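All of the numbers you see were taken from the coordinates with simple rules; none came from a lab. For clarity, every value in this text was computed on a predicted model and none was experimentally measured. Heads up, the Cβs are rebuilt from the backbone with ideal geometry, glycines too, and the neighbour counts pull from every protein chain shown.
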Amino acid sequence: MTAEAPAALLARELVSALVRGGVRDVVLSPGSRSAPLAYALLSAHDAGWLRLHVRVDERVAAFVALGLARAEGAPAAVVTTSGTAVANLHPAVLEAAHAGVPLVVVSADRPHELRRTGANQTTEQVGIFASAPRWDADLPADTPPRAVHQVVVRALAAATGARSGDPGPVHLNVAFRDPLVPAHGWEPGPAPEPQRVVAPRSAGDALDVPAGGRTVVVAGDGAGPVAADLAEAGGWPLLAEPTSGARTGPNAVPAYRLLLAELGGEVERVLVLGRPTLSRPVSALLARPEPEVVVVAPTGSVWPDVAGTADRVVPAVRVVPGGDAADWLGRWRRAGAAARRALATGAGLDGLAVARAVAATAAREHAAGRPGVTVLGSSMTVRDWDLAVPALPRGLRLVANRGLAGIDGTLSTATGLALGTGGPVRAVVGDLTFLHDAGGLLRGALEEDVDLQVILLNDRGGSIFATLEHGAPERAASFERVFGTPQDVDVAALCAGYGVRHTTAASPEELEAALAAPARGRSVVEVPLDRAHLRTDRAALAERAVAAVRRTLTAT
Ligand SMILES: Cc1ncc(C[n+]2csc(CCOP(=O)(O)OP(=O)(O)O)c2C)c(N)n1
Ligand SMILES: [Mg+2]
């Protein structure tokens, strides 16, 4: 049997996702580019999934859909072909925008490579309704099914105002590549169960989750201490990034990144708080099809779900009594402790040792009632903290610009934190991060000074790339010039020029001494590091740690 046309499969996936998301009425205007949708909608209608209405004039079709959406208080869709057809939807889209009606516009389009080529009936459909839609998306012809599902979930959440409280029109522009006719008929079977992925804001209350079970809590940037509370209440392992505000308490599992290959396959449910961005094993866990993924996002119209696997998006979770999970937490904790011990065997001063030393100092200062802020640079710094640093005291303030994870503006952000809190700030940054914002060391003669201690990990270039694909031996020839980007700046002289104190810490003892010195004014502690063998050193270290994890897990 010939394979089904990709356009037909994309159209069926889209129709299925709309039905799962609660669309019951679709108004179609005939056309060629939208043919895959026409066939799929007719089949869905015949199978009782939805009611299909057909109108020749798109302006009429859109207003009919608007009326259906108003009548039912549920999203209704209008589907058109490409070109002027789409422009004819504009009046109804504007009405929906101002009246807050969940009108779902689906416009068929040429594939991306045919746009702006003079192809027939092809114009700029993306953004054609300007700011009227609450949300829009441009789906390529080869969009995979999982992504179609994710886009439709987000589109319908925006249309109904589930998160924003602001319902209105949304626009899905979908590219279809020839052939537009299905190779075979489609018999849709029983209607898919409606899936309420995104809890409506008005529901307000928390999702009940039974304690126990093979659940883990993932706390990304900005999760807050509630993630630690949740993990403790449920008896669950807590995989908390350093800047989550939740890397605290007995459930925080150190070096969790190295445990996921061993234990990740057993996870049945993941509660995600904040925005996890740091580690590929966590991304891989979230991308797995098996575990139930619950995104706990108290605010915001956009929620983190990169893999598009979220089964529920809720404002809060309440832990209710539940079963026992056969030493689930205990295994994670023992494995984490083993990984941490193995990681600490590295000799001398490296990024991991600096992370441990600075974190210990911050914890001591916090305990002594001298709280300050610690700022972490992007790149290896924040990841080294994620790997090496144990649970921290509750309330200890760790900040990183994880919004977009830039290496820019880090010293200036730290300066702003010092000005804003009136207290001391310690910033740990890589050399390129430091040099990117060297201008941030400039203090105008009439400006207030700040207590800012910069711990500069100077490995003369961007070491993170060595740990990625780019650092593979077979790419060595291009590596240094366009990724490593070595530099030979005389940092001591640069600091002198800016009137900033400079010291060098080349050993653990020198670093301890520098950290113990009171942070008055602006100072830089330069830690010289070597990145030549980082890739192999880190791989070997991770291997030792994973071996220790395995031994621990089989022994118990
Ligand atoms: C503004 C900006 N430009 C480029 C990047 C891409 N980038 C990520 S890490 C990195 C290198 C950082 O080097 P360094 O600060 O020395 O840290 P290391 O990797 O050595 O730990 C670059 C250029 C970025 N994140 N932000
Ligand atoms: Mg560097």
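Dipole of the chain computed with +1 at Lys/Arg Cβ and -1 at Asp/Glu Cβ about the Cα centre; of PRO237, ALA87, VAL282, farthest Cα towards the positive end is PRO237.
I'd like the orientation of helix 534-555 relative to the chain: the angle between its Cα long axis and the longest Cα principal axis, in ° from 0 to 90, rounded to 10. For helix 534-555, the angle is close to 80 degrees. Helix 90-99 and the longest principal axis of the C-alpha atoms of the chain enclose an angle of approximately 60°. For VAL302 and THR554, the difference between the fully extended length at 0.36 nm per residue and the C-alpha to C-alpha distance is 86.6 nm.
Rounded, prolate or oblate for region 62-203? Axes are the square roots of the Cα gyration tensor eigenvalues, ordered a ≥ b ≥ c, and the cut-off for rounded is a/c under 1.5. In terms of gyration-tensor shape, oblate.
Do any trypsin sites (Lys or Arg not before Pro) in region 506-544 lie in a loop, going by DSSP, with at most 14 other beta-carbon atoms within 10 Å of their beta carbon, and if so which?
ARG520
Mind giving me the FRET efficiency for ALA476 and GLU448? R0 is 45 Å, r the Cβ-Cβ distance, nearest 0.05 is fine.
E between ALA476 and GLU448, to the nearest 0.05, is 0.40.
When the alpha carbon coordinates of region 383-465 are projected onto the principal axes, the ranges are 41, 34, 22 Å, largest first.
Here region 300-369 is treated as a sphere whose radius is the Kirkwood value from Cα pairs; by Stokes-Einstein at 4 °C and 1.567 mPa s it diffuses with a coefficient of 76 µm²/s. Across region 480-494, computed HN-Hα scalar couplings (Karplus, 6.51 cos²θ - 1.76 cosθ + 1.60, θ = phi - 60°) run 5, 5, 10, 10, x, 6, x, 9, 10, 5, 7, 5, 4, 5, 4 Hz from first to last residue, x flagging Gly and Pro. In the chain, helices alone account for a calculated mean residue ellipticity at 222 nm of -10500 deg cm²/dmol, with every DSSP H run of four or more residues adding -39,500 (n - 2.57). Using only side-chain charges placed at the Cβ, +1 for Lys and Arg and -1 for Asp and Glu, the dipole size of the chain relative to its Cα centre rounds to 640 debye.
Electrostatic bookkeeping for GLY372 treats Lys and Arg as +1 and Asp and Glu as -1; over the other residues with beta carbon under 12 Å from its beta carbon, the sum is +2.
Just so you know, the averaged projected area of the alpha carbon convex hull for the chain sits at 30.6 nm². At an R0 of 45 angstrom, the distance between the Cβ atoms of ALA506 and ASP142 translates into a FRET efficiency of 0.30. Taken over the C-alpha atoms, region 26-76 has Rg and Dmax values of 11.0, 31 angstrom. A cut-off under 10 angstrom between Cβ atoms defines the neighbours of PRO518, and their net charge, with Lys, Arg +1 and Asp, Glu -1, is +1.
Calculate the FRET efficiency for ALA438 and ALA360 from the Cβ-Cβ distance with a Förster distance of 30 Å, rounded to the nearest 0.05. Don't skip to the end; give the middle numbers.
Numbers: r = 28 Å, r/R0 = 0.95.
E between ALA438 and ALA360, to the nearest 0.05, is 0.60.
Under the simplified labelling scheme, the ASP46-THR117 pair shows an inter-label distance of 3.3 nm, with each label point 7 Å from Cα along Cα→Cβ.
Simple point charges give the picture: +1 on the Cβ of Lys and Arg, -1 on the Cβ of Asp and Glu, and for region 393-542 a dipole about the Cα centre of about 420 debye.
Each Lys or Arg adds one and each Asp or Glu subtracts one; over the other residues with Cβ under 12 Å from the Cβ of HIS470, this totals 0.
Alpha-carbon geometry of region 417-556: the Rg and the Dmax are 18.8, 64 Å, given in that order.
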